[in-house]
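The values are calculated or read from the model by the stated rules, or taken from the named source; none is laboratory data. Just so it is clear, the structure is predicted and the values come from calculations on it, not from any experiment. We place every Cβ from the backbone using ideal geometry, glycine too, and count neighbours over all the protein chains shown.
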Amino acid sequence: MPELPVPLPIRVSGDPAAGIAEWVCGEPMRRLVDRFGGSWPDGDLADVLRFLDEFSARHWDFRGGRERPDAREPDLDAGTVELVLQAAASLGLIRPVAPARPAYAHLVVLGGLAHACVRRVGYAAHLLRAGVPVRGEVAVLGSFRPLSDWERRTLADAGLPADDTEVDVLDTAVRRVFGVATPAEQDGVDAGHPHHSWSSRTYRPDGLPPVRVLAAPSSEPHRRRAHTADTQRFWAGHVQLAPGDEVLMVTAPIYVPFQHCDALRTLAVPYGCGIDTVGVDPALADLAVLPEQTLTPGRYLQEIRSAIRSMRALHTDLTHPAR
């Protein structure tokens, strides 16, 4: 029988380090480290996280600073491929799970590559129409990242508009999936550079919560575009996130561990809210307009590394809070 998935850290109250330790120190991770020639370190959880960060940088970083579609695929033998896929399943990167709570304050859709943007917006609409109560808003978070030629071709092949940026794709998907034409409210700043600019458009679909499409500026505009943590922090300030709010995040299953822990660090720690993170269910027929891209062992290893780094950052913030 397949192993049950290792649970993710859920709360930042109590002993959240125990949840991090269970994920990073369990048998799936130990088997991976052993397979790639590593020796498990002595020391406390901070030492293990530091080791795993450095070890995964040597063995599982196939991006080398590039965007995800440009990552190389490693040449792995059949036994290693099988072990990687088993570990990815056990660590929660493959199978989607249903929302855990009966109701939420807000539903947050995380942006990404063009096909993922379309699928995640579609899945958010599915959850709402299936009866998941959201008393606040649906926040669809992205940036002004320009689409690659590959993303434009993917959209065109599906008969969808070849938009210019990530937030354009999200906005188009919201208008199509929720049946809205124009925003009820909009705001933003065009600073003359995408790393400095931001925009907010709020739609009001009939019978559903308001849907806000938000493009955030970068917190380090001279170095990079806005990333997931930037968009989450920017949205939290706009919506005035409150202690005790339960937030449901939607992403792809492969990104659930790392983006969940990013959300704990950027939202739960400073605002005292609760976070659940779910991946899009690929079995839904209404998402077939843009099926999920083939996920390879290299992609899973890369995102296991992303989760390690996210958990290390979360652990640092929990044990050494900013004064």
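A few notes on this one:
- Residue in the stretch 295-304 that is assigned to a loop (DSSP other than H, G, I, E, B) and either crowded, with 16+ Cβ neighbours inside 10 Å or in contact with a Pro (Cβ under 6 Å, 6 or more places away or on another chain) (or both) present: yes
- Condition check for L155: on the phi < 0 side of the Ramachandran plot and modelled with pLDDT of 95 or more: no
- Check on A100, surrounded by fewer than 16 Cβ atoms within 10 Å (Cβ to Cβ) and under 25 Å from A268 (Cβ atoms): yes
- Within the option set V132, V109, V97, V121, being in contact (Cβ under 8 Å) with a residue 12 or more places away in the chain, assigned to a strand (DSSP E or B) and within 25 Å of T231 (Cα to Cα) holds for one residue only, V109.
- Unmet requirement for A88, which otherwise passes all of (1) in contact with a Pro (Cβ under 9 Å, 6 or more places away or on another chain); (2) exposed (fewer than 15 other Cβ atoms within 10 Å of the Cβ); (3) within 30 Å of R224 (Cβ to Cβ); (4) in contact (Cβ under 8 Å) with a residue 12 or more places away in the chain: (2)
- For the stretch 273-294, the tally of residues that are touching a Pro at 6+ places or on another chain (Cβ under 9 Å), at pLDDT 90 or above and farther than 12 Å from Y123 by Cα stands at 3.
- Some residue of the stretch 69-91 being in contact with a helix residue (DSSP H, G or I) (Cβ under 9 Å, 6 or more places away or on another chain), within 27 Å of C273 (Cβ to Cβ) and of a type outside the set (K, R): yes
- Failed criterion for D75 (all others in (1) free of Cβ contacts under 8 Å to residues at least 24 places away in the same chain; (2) touching a strand residue (DSSP E or B) at 6+ places or on another chain (Cβ under 7 Å); (3) not β-branched (V, I, T) hold): (2)
- Residue among P194, P183 that alone is of a type outside the set (V, I, T), surrounded by 13 or more Cβ atoms within 10 Å (Cβ to Cβ) and modelled with pLDDT of 90 or more: P183
- E54 fulfils the conditions (1) of a type in the set (D, E, K, R); (2) in a helix (DSSP H, G or I); (3) touching a residue at least 12 places away in the same chain (Cβ under 8 Å) except for a single criterion, (3).
- Scope the stretch 69-125; condition among the hydroxyl-bearing types (S, T, Y) and over 25 Å from P209 (Cα atoms); matching residues: T80, S90
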